[in-house]
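Single-structure report; data block below.
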Amino acid sequence: MAVDYLQEIRGVQPTGPYYIGGQCPGGLVALEIARELSALGQQVGTVLLLNPPPLLPFGGDRYQMIDLHPQVFQQLYDNAQTMLRKSVARIDNVPFNTRDPKQMHMAAAAVVRSTIAFSRHRPAPYSGATDIILSTAQAPAHFQPELPWQQILTGPQRVHVLPGNHLEFFSLQLGEICRLMRFILDGALASETYASGANDKNVAHVTRHKDESFHDQGVV
């Protein structure tokens, strides 16, 4: 997936600087693209991660035998259909019809395949700069040092925390997410160093570097 996206990106823009971002598990794809570009000697700006999912501790893989357990696969499939119906209730422009059984089956199967693929992926550490926009529900798992995100993101991080859970994050907070992305990219384009945080009572900004502990900012 990352290789395909990388080819598309370089077909439009052959050289950097590049600003890459990904939503949910797509953040893992964004990191792989950024890592490949860096290895090619290209300039890569901050990578935007939009509410990336909690990752399993390395060494454990609850989906390792999933292909041999049809009941587990069925449970994931049923959960995917439920999630898709809830998402459609909040978002109007989805690319499929929930009333069409064939389309729902294809969409749910794609979610299950993506879930399995991402759960088996073991990303290498990324030393570049990242901007992470998180929901309050997901923020605690991101900051736990024993979990994989803090082993993966070894470079400077700037974290922005917005109220709500995962579903609310991409519906109720969509406008704020867009504003933050514009703020981040405008600052990155204006200077190689981060601009100071925006004054917004609804957003908690936390700058975290490797080996620094996270201090409660009243957002968890």
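The values are calculated or read from the model by the stated rules, or taken from the named source; none is laboratory data. Since the structure is predicted, the reported quantities are computational estimates derived from the model, not experimental observations. Methodologically, a virtual Cβ is constructed for each residue, glycine included, from the backbone with ideal geometry; neighbour enumeration extends over all protein chains shown.
Numbers below:
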{"quantity": "Test: residue in the range 46-63 that is at pLDDT below 90 and among the acidic types (Asp, Glu)", "calculated": "yes"}
{"quantity": "The range 155-182: number of residues that are surrounded by 15 or more Cβ atoms within 10 Å (Cβ to Cβ) and of a type in the set (S, T, N, Q)", "calculated": "2"}
{"quantity": "Unmet requirement for Leu180, which otherwise passes all of (1) within 24 Å of Gly16 (Cα to Cα); (2) at pLDDT below 80", "calculated": "(2)"}
{"quantity": "Contacts under 9 angstrom Cβ, first residue in the range 25-53 being in the same structural domain as Gln13 (by TED's automatic domain parsing), partner basic (Lys, Arg) and not in a helix (DSSP H, G or I), 6 or more apart", "calculated": "Thr46/Arg158"}
{"quantity": "Members of the range 115-138 found to be of a type in the set (S, T, N, Q) and within 11 Å of Leu76 (Cα to Cα), listed by number", "calculated": "Thr115"}
{"quantity": "Selection count where residues are modelled with pLDDT of 90 or more and part of a helix (DSSP H, G or I), scope the range 28-45", "calculated": "11"}
{"quantity": "Meets criteria (within 17 Å of the chain's Cα centre (by Cα) and crowded, with 17+ Cβ neighbours inside 10 Å) for Tyr18", "calculated": "no"}
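One line per residue, one yes/no per condition, for (1) charged (D, E, K, R); (2) part of a loop (DSSP other than H, G, I, E, B); (3) more than 24 Å from Leu180 (Cβ to Cβ); (4) in contact with a Pro (Cβ under 7 Å, 6 or more places away or on another chain):
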| residue | (1), (2), (3), (4) |
| --- | --- |
| Ala108 | no, no, yes, no |
| Val111 | no, no, yes, no |
| Ile116 | no, no, yes, no |
| Ser119 | no, no, yes, no |
| Ala124 | no, yes, yes, no |
| Gly128 | no, yes, no, no |
| Asp131 | yes, no, no, no |
| Ala141 | no, no, no, yes |
| Gln150 | no, no, no, no |
